[in-house]
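Undergrad: Can you read through this structure? Questions will come right after.
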Amino acid sequence: MSMALKQVFNKDRTFRPKRKFEPGTQPPKYMSLLMDWIEVQINNENIFPTNVGTPFPKTFMQVAKKILSRLFRVFVHVYIHHFDRVSQMGAEAHVNTCYKHFYYFVTEFNLTDHKELEPLVSRR
């Protein structure tokens, strides 16, 4: 599957697309493809075994980190491009709580590079 939008952080730690969307592919389509891809990965018993005693593959952490990295990019997209709408809907507290849980989970288990999380860390 072609990932239409590969996000990267620039030297100044801003978040911008690595390349433009492919013709005919818009952000909602990318999000749909991303969520479909994640679902396929999670439902793949060769990656996420469900039977007791079945070992996880050597690539498990690599795949899990990739999934979490891409989900983080969804948070960034929402915060940068849609947070005004989230606030209008009265869902600000819910999105913030989801992000906090995500952040604590990935940092507690060292599932992402701390530098990757910097754009959404509160600067007090």
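The values are calculated or read from the model by the stated rules, or taken from the named source; none is laboratory data. The shown structure was predicted, so the numbers you read here are calculated from the model rather than taken from an experiment. A quick note on method: Cβ atoms are made from the backbone with ideal geometry, for glycine too, and the neighbour counts reach across all protein chains shown. For the accessible areas, the whole protein counts, side chains as well, though only heavy atoms, and no ligand, DNA or RNA atoms are used. Shrake-Rupley method; radii C 1.70, N 1.55, O 1.52, S 1.80 Å.
Undergrad: Whether any residue in region 12-23 is at pLDDT below 95 and touching an Asp or Glu at 6+ places or on another chain (Cβ under 7 Å) is what I want to check.
TA: yes
Undergrad: Would you confirm whether or not region 96-113 contains a residue that is at pLDDT below 90, under 15 Å from the mean Cα position of the chain (by Cα) and among the charged types (D, E, K, R)?
TA: Scanning region 96-113 turns up at least one residue that is at pLDDT below 90, under 15 Å from the mean Cα position of the chain (by Cα) and among the charged types (D, E, K, R).
Undergrad: Pairs please, first residue from region 43-58 and at pLDDT 95 or above, second anywhere and open to solvent by 100 Å² or more (accessible area, probe 1.4 Å), Cβ atoms under 7 Å, 6+ apart in sequence or on different chains.
TA: Qualifying pairs under 7 Å: 49/56; 57/46.
Undergrad: Checking residue 34 against (1) more than 20 Å from residue 116 (Cα to Cα); (2) open to solvent by less than 70 Å² (accessible area, probe 1.4 Å); (3) within 17 Å of the chain's Cα centre (by Cα): exactly one of these is not met. Which one?
TA: All conditions are met except number (1).
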